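The values are calculated or read from the model by the stated rules, or taken from the named source; none is laboratory data. Please read these numbers as outputs of a predicted model, since none were measured by experiment. Here the Cβ positions follow ideal geometry from the backbone for every residue, glycine too, while neighbour counts run over all protein chains shown.
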Amino acid sequence: MVDSFHGLPLTERLQLARRGTAHYSGQLALLDNDQFAEPTALEGWTRNHLIAHVGYNAAAICNLMDWAATGIENPMYPSPGARNKEIEYGATLIPDALRNLHDHTVARLDVAWRDAPAAAWDAEVLTAQGRTVPAAETLWMRSREVWIHAVDLGVRATFTDIPEVILTTLLQEIPGKWRGKGDGAGLVLVNDTSGERTEVSPADDTHPVTEIHGDLAGLVRWAAGRGDNGVSTPDGAVPQPPRWL
């Protein structure tokens with residue numbers, strides 16, 4: 001059994017990205033226009049901000065696929081601050097314009113993936129975080145966005161809707177991000193269903209061992225900063241997770 005999204009064949013990764021997009025689109029379709037301005041659990045963001053972000057993210061990934069296909073550098077965003085400015089602008093659009101932005105950028109990205117030459121998937125591109133990755137990594141970047149943000153829309157989706165391979169990969173990636181930043185000393189994530197333990201970094205004098213217990217969906221929800229519903233600790237005090245992205 002493959003225990004990571006990255007180990008799946010390209011066709012299966014593409015399918016999961018498209019399934020996630022359809023899932024997110026379905027949640028968006030359930031919203032009435034007068035609900036777009038309501039807040040989300042993401043600090044400072046309304047649904048307008050979130051919907052704009054997901055739409056512009058698809059357009060940014062199209063830039064990377066163009067880069068991979070042509071060999072001509074085409075970054076996700078023209079400058080480090082451009083992403084935030086774009087989202088703030090998008091949040092001012094009326095709901096119908098945001099729906100059009102979503103539909104248009106989703107279609108563009110799907111065509112970019114569909115028409116990518118075989119060699120393009122291995123071509124190296126640069127993410128907004130400055131990582132050099134093969135263009136095939138865009139499938140994970142987008143899958144992560146749409147599956148999680150479908151929950152963030154606050155309609156009906158939950159982390160239990162997310163495919164197991166996506167959750168498993170997130171539970172590998174997020175502690176790895178903490179580790180790379182020097183965060184998470186002493187944290188141990190314990191999957192009560194499988195018994196698997198994910199140790200972030202060794203405990204030290206100021207960071208004793210803290211076990212976070214839960215099922216896979218609950219652990220990923222907590223690690224991704226979406227609340228402590230579904231997790232627990234032996235002493236009953238669930239800490240805030242380190243920042244992930």
Restricted to segment 127-175 and to residues being of a type in the set (D, E, K, R) and part of a helix (DSSP H, G or I), the residue surrounded by the most Cβ atoms within 10 Å (Cβ to Cβ) is Arg142
Quick test of your reading of the structure: Ala203 fulfils all but one of (1) free of Cβ contacts under 8 Å to residues at least 60 places away in the same chain; (2) under 30 Å from Leu98 (Cα atoms). Name the failing condition by number. (2)
I need a count of the residues in segment 80-99 that are closer than 20 Å to Arg142 by Cα and assigned to a loop (DSSP other than H, G, I, E, B). 1
Taking the stated definitions as given, is Ala223 of a type in the set (Gly, Ala, Ser) and in the same structural domain as Thr46 (by TED's automatic domain parsing)? no
